[in-house]
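Have a look at this one before I ask anything.
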Amino acid sequence: MFKISFSSAIFSFLFRWQVMCLLVIIVTWVFPIERIHSQEKSIMTLVVKAGDYDRLNSPVSISLEGLGVRITSDDHRLFDVENDVKVPIQMQADRLTWILSGPTLAGSQRTFELQQREDPNEAVSLSTISARKQNGAISFEQSGRKILRYQFVKEEAPSGASDLYERGGFIHPLWSPRGEVLSRIQPPDHFHHYGIWNPWTSTTFEGRDIDFWNLAQGQGTVKVVARPIAVSGPVFGEFSARHAHVDLTAPHPSGAKEVLDEEWVVTVWSNGSPDDVRLIDFHSTLYCATDSLFKINAYRYQGFSFRATEKWDDQTARLLTSEGKDKSDGNGTRARWCDIRGVSSTGQSGILFMSHPLNYNFPEQVRIWPTGMNGGVENVFFNFNPAQEQDWILHPGKAYSQRYRMLVYDGQLSPEQLEIHWQDYAHPPSVEILIN
């Protein structure tokens, strides 16, 4: 009797076990276990569409405001999904931001999945773009390699020169990925040149003409008026700063008056390996500082500017604009981008300067020091000038933006590659958000 009962129990157990196995096989075949597991943790699916343009390591940033979803880097993670294979990627939650790594062809789309971290103690990846404040400047690095330095305290005037040449609020040095310094400040031929900076040369305010570029004139200067804010992160590092254009000739008790406010936001993007090209976004917003309008008069050089390393000249550097112009014929022409490349300790290094289509008077005219300028030596200078042939009038209570992107690289890029990068900047990919 005991044996019969035991056998019946074994048979009953085996039968139930076989049925359960069959059900698991059926469910697994219809709904893969990984997919079920992911759906339980998934918060949203993000479909990135390339549109009409090829992409290469494109930054993607979206706002989740109004969706009722609060994302943090500690509590969430992002996956690149392809053929049901999920690869975790770096994300930053200031806005939901990540890099569309590698090439993404025109007309294609890629899927990403945002998930809740299953283990709150799971290790979080360290920042790849680090911002550090030190000695009156903010320095950005990636994996120990220098990217750029923004100086907010005044740089002293060169020895023997007027104190009027002192100023802060500029980027220098700008390094290539392999460590070549590409910018320059206070060159002997132009003490008022400051690496990458954004002053205005010919302006009018309340009937007075003010030059904020040629500092020795003593008419105007640019000051950093608030301590800048810097952030580090796995996808980008960033700083924001406030500059004041100060009229030194104003009938004011102090003999100086703030007439134009400017906010800088500079974003340094991570492209994975520090040996890759680097993307840096520059965003300037201008505001009238008083109830009076501010006029930027048409003039041949002013605005977003770059003074290059002393290694570059007519023989050692090459400039190429989006319209096929160079140092010999590019000055005063309009351009969407300008590529500047020259000799370096690693062979060649360069910067692709890109202007955004929403900028005033786009495509802007450019100031390029032509062949033979400065005696043919140490003569690479460039700027985008939205007010080269027409005035730009700024009204109180309104904001005026300028946006530029710099692609910094070692080696060479073809005109076709340069155009791909500008199109990607000018026409970013679209993102469709599906809340799960």
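Any residue at all in segment 305-312 that is among the aromatic types (Phe, Trp, Tyr) and over 24 Å from the mean Cα position of the chain (by Cα)? So that I can check it myself, show each step before the final result.
Within segment 305-312, the subset among the aromatic types (Phe, Trp, Tyr) is 306, 312.
Those still in the list that are over 24 Å from the mean Cα position of the chain (by Cα) too: 312.
The answer is yes; a qualifying residue exists.
Do we find a residue being surrounded by 15 or more Cβ atoms within 10 Å (Cβ to Cβ), out of contact with any helix residue (DSSP H, G or I) (no Cβ under 7 Å at 6 or more places or on another chain), over 25 Å from residue 282 (Cα atoms) and of a type in the set (Val, Ile, Thr) anywhere in segment 145-152?
The answer is no; no qualifying residue exists.
Moving on to the next point. Based on this model, can you work out whether residue 284 counts as within 30 Å of residue 97 (Cα to Cα), touching a residue at least 60 places away in the same chain (Cβ under 8 Å) and polar (S, T, N, Q)?
Spelling it out, residue 284 is indeed within 30 Å of residue 97 (Cα to Cα), touching a residue at least 60 places away in the same chain (Cβ under 8 Å) and polar (S, T, N, Q).
Looking at segment 81-106, which of its residues are of a type in the set (Asp, Glu) and assigned to a strand (DSSP E or B)?
If the condition is that a residue be of a type in the set (Asp, Glu) and assigned to a strand (DSSP E or B), then 82 is the only one that fits.
Checking the condition of a type in the set (S, T, N, Q) and either more than 22 Å from residue 184 (Cα to Cα) or outside the structural domain of residue 413 (by TED's automatic domain parsing) (or both), which residue from 345, 284, 355, 328 passes?
Numbers: 345 fails: either more than 22 Å from residue 184 (Cα to Cα) or outside the structural domain of residue 413 (by TED's automatic domain parsing) (or both); 284 fails: either more than 22 Å from residue 184 (Cα to Cα) or outside the structural domain of residue 413 (by TED's automatic domain parsing) (or both); 355 fails: either more than 22 Å from residue 184 (Cα to Cα) or outside the structural domain of residue 413 (by TED's automatic domain parsing) (or both).
Answer to the selection: 328.
Here is a further query. Among all residue pairs at least 6 apart or on different chains, which show Cβ distances below 9 Å where the first residue, located in segment 192-208, is closer than 15 Å to residue 387 by Cβ and the second is among the aliphatic types (A, V, I, L, M) and modelled with pLDDT under 95?
So the pair list comes out as 205/250.
Please work out if residue 234 is outside the structural domain of residue 58 (by TED's automatic domain parsing) and either over 18 Å from the mean Cα position of the chain (by Cα) or in contact (Cβ under 8 Å) with a residue 60 or more places away in the chain (or both). Break it down into steps so the answer makes sense when it comes.
On the way: outside the structural domain of residue 58 (by TED's automatic domain parsing): yes; either over 18 Å from the mean Cα position of the chain (by Cα) or in contact (Cβ under 8 Å) with a residue 60 or more places away in the chain (or both): yes.
Yes; evaluated as a whole, the condition is true for this residue.
So in segment 360-416, with the set limited to residues that are touching a residue at least 12 places away in the same chain (Cβ under 8 Å), assigned to a loop (DSSP other than H, G, I, E, B) and among the hydroxyl-bearing types (Ser, Thr, Tyr), which one is farthest from residue 269 (Cα to Cα)?
Among those that are touching a residue at least 12 places away in the same chain (Cβ under 8 Å), assigned to a loop (DSSP other than H, G, I, E, B) and among the hydroxyl-bearing types (Ser, Thr, Tyr), it is 371.
Pull up segment 336-360, narrow it to residues that are among the polar types (S, T, N, Q) and under 13 Å from residue 308 (Cα atoms), then point me to the one that is nearest to the chain's Cα centre (by Cα).
Going through the qualifying residues, I end up with 349.
How many residues are crowded, with 23+ Cβ neighbours inside 10 Å and β-branched (Val, Ile, Thr) when one looks only at segment 342-367?
Matching residues across segment 342-367 total 2.
What number of residues in segment 210-236 are of a type outside the set (Phe, Trp, Tyr) and either in contact with a Cys (Cβ under 9 Å, 6 or more places away or on another chain) or farther than 22 Å from residue 163 by Cβ (or both)?
10
Mind checking which residues of segment 288-317 are in contact with a Gly (Cβ under 9 Å, 6 or more places away or on another chain) and surrounded by fewer than 18 Cβ atoms within 10 Å (Cβ to Cβ)?
Across segment 288-317, the qualifying residues are 291, 300, 315, 316.
Within segment 347-359, how many residues are of a type outside the set (A, V, I, L, M) and part of a strand (DSSP E or B)?
6
Among the listed residues 22, 64, which satisfies the condition of being at pLDDT 85 or above and either out of contact with any His (no Cβ under 7 Å at 6 or more places or on another chain) or small (Gly, Ala, Ser) (or both)?
Answer to the check: 64.
Being modelled with pLDDT under 95, of a type in the set (Asp, Glu) and in contact with a Lys or Arg (Cβ under 9 Å, 6 or more places away or on another chain), is that true of even one residue in segment 264-283?
Taking every residue of segment 264-283 in turn, at least one turns out to be modelled with pLDDT under 95, of a type in the set (Asp, Glu) and in contact with a Lys or Arg (Cβ under 9 Å, 6 or more places away or on another chain).
Let me ask something else. Could we say that residue 385 is in contact with a strand residue (DSSP E or B) (Cβ under 7 Å, 6 or more places away or on another chain) and either crowded, with 20+ Cβ neighbours inside 10 Å or at pLDDT below 95 (or both) here?
yes
When you look at residue 268, is it crowded, with 19+ Cβ neighbours inside 10 Å, among the hydrophobic types (A, V, I, L, M, F, W, C) and free of Cβ contacts under 8 Å to residues at least 40 places away in the same chain, yes or no? Walk me through how you get there before you give the answer.
Working: crowded, with 19+ Cβ neighbours inside 10 Å: yes; among the hydrophobic types (A, V, I, L, M, F, W, C): yes; free of Cβ contacts under 8 Å to residues at least 40 places away in the same chain: no.
In short, no.
Checking the conditions here, which among 144, 160, 169, 102 is under 24 Å from the mean Cα position of the chain (by Cα) and closer than 17 Å to residue 185 by Cβ?
Working: 144 fails: closer than 17 Å to residue 185 by Cβ; 160 fails: under 24 Å from the mean Cα position of the chain (by Cα); 102 fails: closer than 17 Å to residue 185 by Cβ.
Checking each option against the conditions leaves just 169.
The values are calculated or read from the model by the stated rules, or taken from the named source; none is laboratory data. What you see is a predicted model, and the numbers here were worked out from it, not measured in a lab. Note that each Cβ is placed from the backbone with ideal geometry, even for glycine, and that neighbours are counted across all protein chains shown.
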